[in-house]
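Only the coordinates and a few stated rules stand behind these numbers; no lab work does. Every value quoted in this text rests on a predicted model; they were computed, and no experiment measured them. Cβ coordinates were reconstructed from backbone atoms using ideal geometry, including for glycine residues, and neighbour counts include every protein chain displayed.
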Amino acid sequence: METDRGTEHQQAAMSMSDQDEHALSPVSSNDTAVPADQNENADAEIATDESLHDQEDHPPSLILDLGTGSGIWAMQVADQYPSAEVIGTDISPVQPKWVPPNLQYEVDDLEQEWLFRDDCFDLIHVRFMFLSIKDWPGMLRQAMRVLKPGGYIELSELDLRPVKVQDGSPEPATITQWFKLQGGAINHRGFDMQIAHKFKGLLEQAGFEAVVEEVRDVPWGTWPSDKRLKSIGFWHVEQLKQGLQGIAMATLTRSGWSVAEVEVFLASLRREMSDPQYHILDHAYIVYGRKPLS
């Protein structure tokens, strides 16, 4: 059984760090592609490692982490706000047993009807869920119902649309082909691997106000000259590679490819992913909005 932050999504996620003096919580990613028993925070933190809005003037009393996965974000925000109650939900009970006393995990499917009462949460946090949520408007309607007036929802996601930097670098033909193939397979299952850039519009359509969007560059590989971005790019590609074999074999053989054809394609894909001559960016989106006061 997959967790809400599903296995495939973990394989697609990447690490990045950033600092924000007004962050709600200086937390790590909920899940990365590195197995938890090795190093969940492979390089630094995920591109969406910090909330953008400031809750210090009105500390939250009840926080919901949807699709909590390994539960890391929920544990760290529970430590930061010891007077708050934190609830992490997931369809699989894979979270640790030893947690802060103000944190509890619940087994729940966020695409079903939520049993929380109306107007109860100060903050709802949703991260890395593009392979878990099909009905985003439906999820946002439920979030609007259970948030207190003035409460916030925050969505964080990697928008998997590799973009070639316009600097004269060559076109990554194999990577481009792979994402067309994989994107089609994911869309056929009812998911959207490029949902992140739609978050701002979705929140506004759901009735949230004061919607804020931040977009952060996430490079592929070690081509950037900036040391931090170079490190981020290295881990991004390494984590993408870890899940490549299983994902590609399933997707392509179901589309009629032979195992030998898939292996040849993957060899070419891995070479291209590791080649610094290809200057590619993904983008991480962090978007939050407030439930109206009335």
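Is there a quick way to get the dipole size of the stretch 203-253? I mean about its Cα centre, with the Cβ of Lys and Arg at +1 and of Asp and Glu at -1; what is the value in debye to the nearest 20?
Values: 5 positive and 7 negative charges, 95 e Å.
Computed about the Cα centre, the dipole is about 460 debye.
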Once phi is turned into ³J(HN,Hα) by the Karplus curve 6.51 cos²θ - 1.76 cosθ + 1.60 with θ = phi - 60°, what whole-Hz value does each residue of the stretch 75-88 show in order, with x for glycine and proline?
-> 5, 6, 6, 5, 5, 5, 10, x, 8, 8, 9, 10, 10, x
Would you mind estimating how fast the stretch 85-181 diffuses translationally, via Stokes-Einstein at 25 °C and 0.890 mPa s with the Kirkwood radius over Cα pairs, in µm²/s?
-> 149
Around Glu209, with a cut-off of 10 angstrom between Cβ atoms, what is the net charge of the other residues, counting Lys and Arg +1 and Asp and Glu -1?
-> +1
How large is log10 I(q)/I(0) at q = 0.27, 0.30 Å⁻¹ when the Debye formula is applied to the Cα atoms of the stretch 61-106, each weighted equally and without solvent?
-> -0.91, -1.12
Answer rounded, prolate or oblate for the stretch 156-276, using the Cα gyration tensor with square roots of eigenvalues a ≥ b ≥ c: rounded when a/c is under 1.5, else prolate when a/b is larger than b/c, else oblate.
-> oblate
